[in-house]
Amino acid sequence: HDGVAMKISKHISYEEATRSDTAERLGLNNLPGEMELASMTAVAENVFEPLRAHFCVPIGITSFYRNKALNTAIGGAGSSQHILGQAIDLDADKYGGITNADIYTYIKDNLEFDTLIWEFGTDKNPAWVHVSYVPGNNRRRLLKAIKDNGRTVYRLIDTRLE
């Protein structure tokens, strides 16, 4: 890379988008292919960068690309959009300045997305926000992740009630 750090977008480095403590610990090679990289760039340009430009603060990324082996190792859903490079998990708590509820609400009201998940937390603020983007096929699906007898359950939020 000629000594220049590769970027997914203006504010996301390749290293940040593929880094995983679990992958490092297990010696897993978490490198995306060309299709996954293209999807990651689409998520970054259409969701992350507009979000960051709006709030003008750094936003923590807790998970972006996960290959199948890594996704299995952390107990991710087999159909996870992270495997395709189409999903990113954001956590405002890493840097502060805004809340995860701020992130969720701004994406819901202003951006194109496929699936937006209020991940656990409380009714006032999720623990983190999961958002996916699929060019030309965004469903604008709103979900809320909760624990039910120790299992993760995703409840569909009916947008017609809002």
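The values are calculated or read from the model by the stated rules, or taken from the named source; none is laboratory data. What you are looking at is a predicted structure, and each value in this text was computed from that prediction instead of being measured. Positions of Cβ are backbone-derived with ideal geometry, glycine not excepted, and every protein chain shown enters the neighbour counts. When the accessible area is computed, the model is the full protein with side chains, heavy atoms only, and any ligands, DNA or RNA have been set aside. Shrake-Rupley method; radii C 1.70, N 1.55, O 1.52, S 1.80 Å.
Summary of values
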item: Spin-label pair Arg155/Asp21, simplified geometry with 7 Å Cα→Cβ offset, distance in nm; result: 3.0
item: Accessible surface of region 7-72, 1.4 Å probe, proportion on carbon and sulfur as whole %; result: 52
item: Å² of accessible area per residue within the chain, as computed with a 1.4 Å probe and no ligands counted; result: 55
item: All Cα pairs of region 76-154, percent lying beyond 19 Å; result: 35
item: Long pairs among Lys68/Lys124; Lys10/Lys108; Lys10/Lys124, criterion Cα-Cα beyond 25 Å; result: Lys68/Lys124; Lys10/Lys124
item: Sum of side-chain charges, Asp93 neighbourhood, beta-carbon under 15 Å (Lys, Arg +1; Asp, Glu -1); result: -2
item: Whole-Hz ³J(HN,Hα) from phi, Karplus 6.51 cos²θ - 1.76 cosθ + 1.60, for region 47-56, glycine and proline x; result: 10, 5, 5, x, 5, 5, 5, 5, 8, 6
item: Amide H partners (placed H, <5 Å) of Lys7, local residues excluded; result: Tyr14
item: Residue-by-residue Karplus 3J(HN,Hα) for region 58-67, coefficients 6.51, -1.76, 1.60, Hz, glycine and proline x; result: x, 10, x, 10, 9, 7, 10, 7, 9, 6
item: P(r) tail fraction, region 1-153 - alpha-carbon pairs more than 24 Å apart, %; result: 30
item: Selection from Leu28, Ala69, Ile98, by position along the positive dipole direction of the chain (Cβ); result: Ala69
item: Loop-located trypsin sites (Lys or Arg not before Pro) in region 88-134 whose Cβ has at most 12 other Cβ within 10 Å (DSSP); result: Lys124
item: His11, His54, reordered so the largest accessible area comes first (probe 1.4 Å); result: His54, His11
item: Quotient of C-alpha Rg and 2.2 N^0.38 Å, computed over region 1-90; result: 1.06
